[in-house]
Amino acid sequence: FFKQKTAYEIASCLVGSEMCIRDSSFAVTLKVPSADVEKVEAILQSHHQFMHDKHSLSGDDRLNSYSIVKGFEPVDITDPSKGVTDNVIYFLSEHYQTPIGLQLHGQNSETWEDVQEFRSIIYQYAIAIAFPGEVIAKMNR
């Protein structure tokens, strides 16, 4: 019998666990109250620097794409005239050439000074996680 994992259970394996590595991609969506945006963006900026410093852009373990997209939560997605809420939405995604790249990311993350704070942010603000994830469409230039 397969038990569906909660976002909290999945998030604990996002960083640093080989047991959860089954594919080469993952994505997380965060919903952050405006009062916490500065704190979250500081950690996301640190994560970006970690990604830049510790990830290969060549070979079988290469990082193919990494992005953080920021937007504001609409009050009513079908009626933009209603404005936005007090929440900011972040989409973070990583895609590696092979599962080895994602596995190395997990191993390298244990040396990142902000890994615990990053995990706390995932636990607190994640509203969706695709982990493991599968890229089903992409465009490259």
Exercise. So which residues in region 39-52 are among the polar types (S, T, N, Q) and open to solvent by less than 50 Å² (accessible area, probe 1.4 Å)?
Worked result: S46
Exercise. At pLDDT below 95 and charged (D, E, K, R): does that describe K138?
Worked result: yes
Exercise. Across region 18-38, which residue is surrounded by the most Cβ atoms within 10 Å (Cβ to Cβ) among those that are part of a helix (DSSP H, G or I) and in contact (Cβ under 8 Å) with a residue 60 or more places away in the chain?
Worked result: C20
Exercise. Looking only at region 91-108, which residues are open to solvent by 20 Å² or more (accessible area, probe 1.4 Å) and over 13 Å from the mean Cα position of the chain (by Cα)?
Worked result: Q97, T98, P99, I100, Q103, L104, Q107, N108
Problem set entry | Subset of region 109-134 that is in a loop (DSSP other than H, G, I, E, B), within 24 Å of D53 (Cβ to Cβ) and not polar (S, T, N, Q) - its residue that is least open to solvent (accessible area, probe 1.4 Å) | W112
Problem set entry | Residues of region 53-73 satisfying the condition of being open to solvent by 60 Å² or more (accessible area, probe 1.4 Å) and part of a loop (DSSP other than H, G, I, E, B) | L57, S58, D60, R62
Seminar exercise, completed: Residue pairs within 7 Å by beta carbon, gap of at least six or interchain, first lying in region 42-58 and more than 16 Å from E117 (Cβ to Cβ), second surrounded by fewer than 17 Cβ atoms within 10 Å (Cβ to Cβ), listed first then second, are S56/R62
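The values are calculated or read from the model by the stated rules, or taken from the named source; none is laboratory data. As the structure is a prediction and not an experimental result, all values here were calculated from the model. When we count neighbours, we look across all protein chains shown, and the Cβ atoms used for this are built from the backbone with ideal geometry, even at glycine. Just the protein is used for accessible areas: all its heavy atoms, side chains included, with ligands, DNA and RNA removed. Shrake-Rupley method; radii C 1.70, N 1.55, O 1.52, S 1.80 Å.
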